[in-house]
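Q: Handing you a structure now.
The values are calculated or read from the model by the stated rules, or taken from the named source; none is laboratory data. On a predicted model such as this, the values are computed, not experimentally measured, just so you know. Backbone-built Cβ (ideal geometry, glycine too); neighbour counts: all protein chains shown. Heavy atoms of the whole protein, side chains included, go into the accessibility calculation; ligands, DNA and RNA do not. Shrake-Rupley method; radii C 1.70, N 1.55, O 1.52, S 1.80 Å.
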Amino acid sequence: MSTVVHRDLADELRLIGSYDAEACMNCGVCTAVCPLEIALLPRRLFRYVELGLADRVRDESETVFSCLLCRACEESCPAEVHITENVRVLRHWLLEGSH
Amino acid sequence: MPLPTRDVIGILTDNLRLRGSVLPIPARRATRWARELDLPRGGETVLYTGMMYQLIPYIERLVRLEQRLGDSPLARFSGVARRVNRFVNGAALIARPSAGERAEYDRVPTNVAKLLQQAGVEFGYLYEDDLYSGALAHDLGADAVVATHAQRVARSFREHGVKEVITIDPHTTTMLRTVYPTLVDDYDVRVRSYLEVLAERAVPAQTQLSGTVVLHDSCVYARYENVVSEPRDLLATTGLTVVEPTHAGKLTWCCGGPAEALYPDKAAAVASRRVEQLGAAAHDCVTMCPICLVNLRKSAGETVRFRDISEYLVEAGGDHAKRSQI
């Protein structure tokens, strides 16, 4: 199975808004405190972006739009990533569909 | 099955772009709560509802319909519905809550206006220019539509000479206070929640209430706007015993409501878990956000009683006509 890498994906998101997921240390605190218990959100999703795996992000559209934006994850994030704003930027990117 | 996300979001954002609200309702409905208060029109300081509490019964009707449609073959025609909605305000035709349902949520802005008057705050109201803030569209990432709408709201503030806004709910508070300054040039409006205004005035309660309540913090108030101590300070004056649930203050647990527009079943699952946490602390729960109130109330049934904080504050403020047993 081949994977198309969209190398400029993270840069594209940074043009939309304040996207800072590259600071994520992949520690998993966000996943542990998520009220929706979504394993994907947000760290694996952010990794897909950093790796340019646009199709994986698109496939997880429902997960991205399920996020409550409640900031429970952000309150506990040791890297102080603005997780909810990153999710909002991803929503914008998915809605625009210009990719 | 949820309806196709793109079509639901498209209808909501089309409504905001074309009609000024994600769920457009007639101005006479949105302003009905103020009818007997004789509030002055406009002024430097205004009470701003953002229509949030007034919209809740309409949203509830639509969500119920959305759940029924999602399970039917009609779900395939959501794209057609979006195209029709551009010409006909479908939501206004479909969502028709009863007078009783409307009165339940209209009571909150009335309560807040009375509390501010009792505290000696002078304020006006913008009536039909008290517009929805765009909160849901912003959360969904529809940035261009929200930016245009924010300009419309800011223009209305300028035309009315508004310098200070007192908000009623957390979502409107964070939009007007934190998001709008990033979208509107020269936006110079002081925005405070009525909870902050009342806490600052520290008006003593006229009546001491009895009973035990558990406080449910709004995620947006606590984590976005740092409004944590104010509701506690205000409830402390009422005589009520306030207990904290598992997950309180900045570590509060979401009510699930933000997922309801797109994924009602996921919203219900989160609400159910929060109701358990709250019910373990007390039978009566105080909320401070319309989304939390309706979502938790719906999940709880009769197991936990949910009421807005303004109901308790009005009762303690001496409005005996509104008193009820805690």
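Q: Over the protein assembly as shown, with the other protein chains present, what is the accessible area per residue in square angstrom, probe 1.4 angstrom?
A: Working: 18250 Å² over 425 residues.
Per residue, the protein assembly as shown has an accessible area of 43 Å².
Q: Moving on. With angles folded into 0 to 90 degrees, how steeply does helix A:83-96 sit against the dominant principal axis of chain A? Use alpha carbons for both and round to 10.
A: Orientation of helix A:83-96: about 30 degrees from the principal axis.
Q: Looking only at GluC sites (Glu not before Pro) in DSSP loops with at most 16 other Cβ atoms within 10 Å, what is the longest site-free stretch of chain A?
A: Segment A:38-79 is the longest.
Q: Does the protein assembly as shown come out rounded, prolate or oblate by the C-alpha gyration tensor, with a ≥ b ≥ c the root eigenvalues, rounded set by a/c under 1.5 and, if not, prolate when a/b is larger than b/c and oblate if not? Walk me through the numbers on the way to the answer.
A: On the way: a/c = 1.58, a/b = 1.39, b/c = 1.14.
It comes out prolate by the Cα gyration axes.
Q: In Å² (nearest 100), what accessible area is buried between B and A, both sides summed, heavy protein atoms only, 1.4 Å probe? All intermediate terms of the calculation are to be shown ahead of the outcome.
A: On the way: alone 14500 and 5860 Å², together 18250 Å².
In total, chains B and A hide about 2100 Å² from solvent.
Q: Further question on the same structure: Which loop GluC sites (Glu not before Pro) in region B:1-67, with loop taken from DSSP, have no more than 16 other Cβ atoms within 10 angstrom of their Cβ?
A: Counting only loop positions with at most 16 other Cβ atoms within 10 Å, the GluC sites (Glu not before Pro) in region B:1-67 are B:E36, B:E44.
Q: With a cap of 12 neighbouring Cβ atoms within 10 Å, and only residues DSSP puts in a loop, list the trypsin sites (Lys or Arg not before Pro) found in chain A. Don't jump to the answer; show the numbers that get you there.
A: Details: sites: A:R7, A:R14, A:R43, A:R44, A:R47, A:R56, A:R58, A:R71, A:R88, A:R91; in loops: A:R7, A:R71.
Of the trypsin sites (Lys or Arg not before Pro), the ones in loops of chain A whose Cβ has at most 12 other Cβ atoms within 10 Å are A:R7.
Q: Specify the longest stretch of chain B that does not include any exposed loop site, a site being one of the trypsin sites (Lys or Arg not before Pro) with a non-H, G, I, E, B DSSP assignment and at most 16 other Cβ atoms within 10 Å.
A: Longest stretch, sites excluded: B:164-322.
Q: Using a 1.4 Å probe on the heavy atoms of the protein chains only, list every residue of region A:1-36 that has 30 Å² or more less accessible area in the complete assembly than in its chain alone.
A: Residues passing the criterion (a loss of at least 30 Å², heavy atoms only) are A:P35, A:L36.
Q: With the Cα gyration tensor of chain B giving a ≥ b ≥ c as the square roots of its eigenvalues, does the rule (a/c under 1.5 for rounded; else a/b larger than b/c for prolate; else oblate) give rounded, prolate or oblate?
A: It is oblate, given that a/c is not under 1.5 and a/b is not larger than b/c.
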